[in-house]
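The values are calculated or read from the model by the stated rules, or taken from the named source; none is laboratory data. None of these values were measured; they are calculated from a predicted model. All Cβ positions, glycine included, derive from the backbone under ideal geometry; neighbour counts span all protein chains shown. Side chains are part of the model used for accessible areas, which takes the heavy atoms of the whole protein and leaves out ligands, DNA and RNA. Shrake-Rupley method; radii C 1.70, N 1.55, O 1.52, S 1.80 Å.
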Amino acid sequence: MRERAIHPAAQLFPAMTGEELEALTLDILAVGLRESIVLHSDGTILDGRHRYLACKDLGLEPRTVLWDGRGSPEEYVISRNLHRRHMNESQRGMVAAKIATRRREDSLSQNLGPDGYIQPSGKTAQEAGVLLNVGKATVKCAKTVLAAGTPEEIAAVE
């Protein structure tokens, strides 16, 4: 099986727990891989990182398809995962905070546009909140957890 890296956008959503991944692995063993792994044009996994891990554990070569490139990788991942992951408001807030934090990090890296001004990719806290159906205050609280929380606290909220 070919080793594949995970695209950063795919990591916006929290990883499955051991029990969840085990259940997915058993399902794939019983009925096969129902949904292909979606690859970014750079070969990284954009959607299906847990399906990939389950197939890897089973020694199966997963089917892959190439992402169509419409929208941003983050928008694609949100579209594919928001409803199937059954997340509560705090969990959605954490995903929105990661998206808004990416915007800030992009700005800090001085991503200059053709006009010489910083052109951040990503979303503001409010825009990210709209994508994840949470309020701006929830995103700001989640950003605080990401910035100042211990790994255990972050994991608990996610």
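Looking at 138, 144, can you tell me which residue is more than 29 Å from residue 3 (Cα to Cα), open to solvent by less than 50 Å² (accessible area, probe 1.4 Å), at pLDDT 85 or above and among the β-branched types (Val, Ile, Thr)?
138
From 9, 5, 54, which residue is in contact (Cβ under 8 Å) with a residue 40 or more places away in the chain and in contact with a helix residue (DSSP H, G or I) (Cβ under 6 Å, 6 or more places away or on another chain)?
Result: 9 is the single residue among 9, 5, 54 that is in contact (Cβ under 8 Å) with a residue 40 or more places away in the chain and in contact with a helix residue (DSSP H, G or I) (Cβ under 6 Å, 6 or more places away or on another chain).
Being more than 15 Å from the chain's Cα centre (by Cα), open to solvent by 20 Å² or more (accessible area, probe 1.4 Å) and not β-branched (Val, Ile, Thr) is the filter here; which residues of region 44-87 pass it?
Selection gives 53, 56, 57, 58, 59, 60, 61, 63, 66, 68, 69, 70.
When residues of region 49-91 are filtered for being under 23 Å from residue 31 (Cα atoms), among the hydrophobic types (A, V, I, L, M, F, W, C) and in a loop (DSSP other than H, G, I, E, B), how many remain?
1
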